[in-house]
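For reference, the structure is listed below as structure tokens.
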């Protein structure tokens with residue numbers, strides 16, 4: 001009970017707000033500076049392909065590490081122990097799919113979106129439309145989760161529930177995200193992500209070193225102290241503290257692992273970043289440096305999570321508004337008082353802002369470039385018009401995200417992050433891999449796989465305990481949950497791969513010449529933009 | 001839309017390049033590394049996931065102080081990810097880049 005009042009009364013909103021404002025001002029100045037360079041679609045969507053490997057690596061990390069990673073992973077470790085670490089491992093290992101199979105060939109064969117690669121060898125209009133739908137779905141799920149997260153962060157910082165501050169924060173985050181994207185396009189978004197990553201890693205390394213320093217730089221002692229403080233004792237150092245209740249919950253965990261490891265390389269905002277550099281070689285360097293940065297970040301999360309368990313204690317964390325998500329802010333307050341809490345809160349908002357900006361530009365590219373320019377106008381559209389549609393789309397997405405998040409602000413929407421990964425792994429990854437590597441893949445295979453993966457993963461969630469039938473459901477009083485798992489990946493990913501195969505073998509006429517062209521262009525870069 | 005690096009090859013040029021032994025060599029060197037390595041890290045990762053789910057007792061065995069097999073296994077996933085990334089970067093630099101660059105240069109200049 002103490003925690004709520006400790007964070008509620010002792011924090012200074014002025015400090016939190018002040019640090020966040022500094023971030024906003026610096027990023028807005030950069031947005032305005034890069035503004036005039038936005039003239040072509042290549043400028044707007046992929047920053048003229050001008051970033052270096054290191055810059056893009058940091059931007060990828062800044063785009064990828066969301067509030068779920070910063071607050072969620074360490075929080076889960078602080079409460080459930082080892083099971084929180086399992087997320088971190090999945091989030092990291094997943095990058096090998098991107099590095100080994102997807103990133104470079106995508107860079108060589110597409111322009112802005114994932115649909116570009118499918119349209120290279122399949123019938124353009126149906127595959128672009130399908131890919132755009134799943135892209136927008138993934139982006140919206142992820143956006144809602146992030147923005148509702150921003151709202152609850154404010155609750156935590158002000159120590160209140162359901163305040164007006166929550167809605168205002170959501171609106172401000174949404175507004176800023178639209179401003180960045182609208183004025184500065186991908187260039188501005190990238191710089192916001194790079195700066196955010198710098199702040200995030202600085203905060204994470206500083207706090208980890210601080211925690212380790214308190215225990216004589218002996219990680220084993222941190223773990224020992226966490227064990228002493230936890231009601232579960234040494235169980236927190238073993239797996240299945242969170243997922244071990246039954247075989248069903250273990251299957252749920254495996255299902256989540258599948259979505260994490262296969263979804264990452266198919267997240268639209270991540271894919272888009274692969275295009276922002278001059279060549280596939282630089283894309284490769286971007287991904288490899290991102291792997292290093294993301295790995296370092298999750299190692300810090302491990303220390304922060306167990307550090308929060310040791311220094312703050314799981315009971316105090318669970319009693320705070322925001323529960324597990326308050327572990328890192330409470331740890332910051334414990335270590336460095338109001339000032340460090342202010343800094344960490346500003347970092348958390350910067351984190352959310354950078355991710356939502358990346359999502360917005362990915363969704364706007366999917367609509368403007370894929371649906372408007374190629375499906376509706378069949379490719380005959382002037383650059384200014386495509387840009388105008390992209391900007392309008394950003395505003396529409398911003399409005400939907402703000403309205404949706406304010407409506408859902410008191411719901412537990414953390415499942416939306418896992419759902420975004422599951423949809424990406426089911427609807428996007430199979431078609432990307434088939435397009436790049438399977439000669440006999442056809443349009444029907446792509447369309448069945450995308451819509452099948454999308455409908456099945458969302459459908460299973462609707463009929464899962466996430467939505468009805470349990471006290472923590474969205475609708476606790478309704479009971480239509482016949483699917484036992486909260487994560488659909490275990491079922492939806494294999495079915496989507498199967499549908500891609502089935503659709504292709506029942507349709508003749510895969511374009512062998514186009515596939516040959518894709519292979520040559522994908523591997524050599526000849527003719528790539 | 002032309003490439004900034006050179007002329008965009010014609011469909012015929014792509015087909016011709018696709019049939020060359022140089023391209024077959026490049027593709028096979030790419031696939032012979034990436035495909036098995038994907039298999040390796042997926043098996044290694046899901047071995048960890050399955051042990052975490054079903055071999056909980058074994059994973060809880062202490063090794064050094066309070067540090068148990070689960071934590072070491074988890075940290076080894078970080079190590080393996082780093083090593084595979086490094087190996088792929090080295091492989092791409094040594095085996096793929098020169099081949100890809102020379103094919104690209106040829107394809108983008110022959111045309112007009």
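The values are calculated or read from the model by the stated rules, or taken from the named source; none is laboratory data. Treat the numbers as computed from the prediction; the structure is a model and nothing was measured. Quick reminder, even Gly has a Cβ in these numbers, built from the backbone with ideal geometry, and neighbours come from all protein chains shown.
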Quick check: anything in region A:188-200 surrounded by fewer than 24 Cβ atoms within 10 Å (Cβ to Cβ), on the phi > 0 side of the Ramachandran plot, in contact with a helix residue (DSSP H, G or I) (Cβ under 9 Å, 6 or more places away or on another chain) and more than 11 Å from every other protein chain (Cβ to nearest Cβ)?
no
Does residue A:293 fit the bill of being modelled with pLDDT of 95 or more and surrounded by 24 or more Cβ atoms within 10 Å (Cβ to Cβ)?
no
Going by the conditions given, is residue B:65 on the phi > 0 side of the Ramachandran plot and surrounded by fewer than 16 Cβ atoms within 10 Å (Cβ to Cβ)?
yes
Can we say residue A:3 is farther than 17 Å from residue A:190 by Cα, at pLDDT below 85 and part of a helix (DSSP H, G or I)?
yes
If you go through region B:38-65, how many residues are in a helix (DSSP H, G or I) and either in contact (Cβ under 8 Å) with a residue 12 or more places away in the chain or within 22 Å of residue A:305 (Cα to Cα) (or both)?
11
Any idea which residue in region B:102-112 is modelled with the lowest pLDDT, counting only those that are surrounded by 14 or more Cβ atoms within 10 Å (Cβ to Cβ) and either facing another protein chain (nearest Cβ under 9 Å) or in a helix (DSSP H, G or I) (or both)?
B:110
Given the conditions (1) within 30 Å of residue A:399 (Cα to Cα); (2) at pLDDT 95 or above; (3) away from chain B (no Cβ under 14 Å), which single one is not true for residue A:52?
(1)
Which of the residues spanning region A:506-529 are more than 14 Å from every other protein chain (Cβ to nearest Cβ) and closer than 18 Å to residue A:118 by Cβ?
A:507, A:509, A:510
Looking at region A:216-239 only, could you name the residues that are surrounded by fewer than 19 Cβ atoms within 10 Å (Cβ to Cβ) and either away from chain B (no Cβ under 14 Å) or in a loop (DSSP other than H, G, I, E, B) (or both)?
A:216, A:217, A:218, A:231, A:232
Listed residues A:213, A:185; which is under 29 Å from the mean Cα position of the chain (by Cα) and either modelled with pLDDT of 90 or more or assigned to a helix (DSSP H, G or I) (or both)?
A:185
Single residue of A:334, A:315 found to be over 23 Å from residue A:166 (Cα atoms) and free of Cβ contacts under 8 Å to residues at least 60 places away in the same chain:
A:334
Scan region B:19-50 residue by residue and report those that are more than 8 Å from every other protein chain (Cβ to nearest Cβ) and under 24 Å from residue A:252 (Cα atoms).
B:39, B:40, B:43, B:44, B:47
Can you say whether residue B:91 is within 22 Å of the chain's Cα centre (by Cα), more than 26 Å from residue A:235 (Cα to Cα) and within 9 Å of chain A (Cβ to nearest Cβ), as far as the supplied structure shows?
no
Please work out if residue A:513 is without any contact (Cβ under 8 Å) to a residue 40 or more places away in the chain, over 26 Å from residue A:130 (Cα atoms) and in contact with a helix residue (DSSP H, G or I) (Cβ under 7 Å, 6 or more places away or on another chain).
no
Against the condition under 24 Å from the mean Cα position of the chain (by Cα) and buried (at least 24 other Cβ atoms within 10 Å of the Cβ), how does residue A:287 come out, does it pass?
yes
Does region A:369-383 include one or more residues that are crowded, with 24+ Cβ neighbours inside 10 Å and under 17 Å from the mean Cα position of the chain (by Cα)?
no
What single numbered condition from (1) modelled with pLDDT of 90 or more; (2) buried (at least 18 other Cβ atoms within 10 Å of the Cβ); (3) more than 25 Å from the chain's Cα centre (by Cα) fails to hold for residue A:481?
(1)
Taking the stated definitions as given, is residue A:168 modelled with pLDDT under 90, out of contact with any helix residue (DSSP H, G or I) (no Cβ under 6 Å at 6 or more places or on another chain) and assigned to a helix (DSSP H, G or I)?
yes
Could you give me the residue pairs with C-beta distances under 7 Å whose first residue belongs to region B:1-12 and is facing another protein chain (nearest Cβ under 7 Å) and within 12 Å of residue A:529 (Cβ to Cβ), whose second residue is modelled with pLDDT under 65 and part of a loop (DSSP other than H, G, I, E, B) wherever it lies, and which are 6+ apart or on separate chains?
B:8/B:2
Could you go through region B:66-86 and let me know if any residue there is out of contact with any strand residue (DSSP E or B) (no Cβ under 7 Å at 6 or more places or on another chain), at the interface with chain A (Cβ under 8 Å from one of its Cβ atoms) and not in a helix (DSSP H, G or I).
yes
Exclusive hit being at pLDDT below 95 and either over 21 Å from residue A:312 (Cβ atoms) or in a helix (DSSP H, G or I) (or both), set A:330, A:359
A:330
Within region A:243-251, does at least one residue satisfy the condition of being in a helix (DSSP H, G or I) and touching a residue at least 60 places away in the same chain (Cβ under 8 Å)?
yes
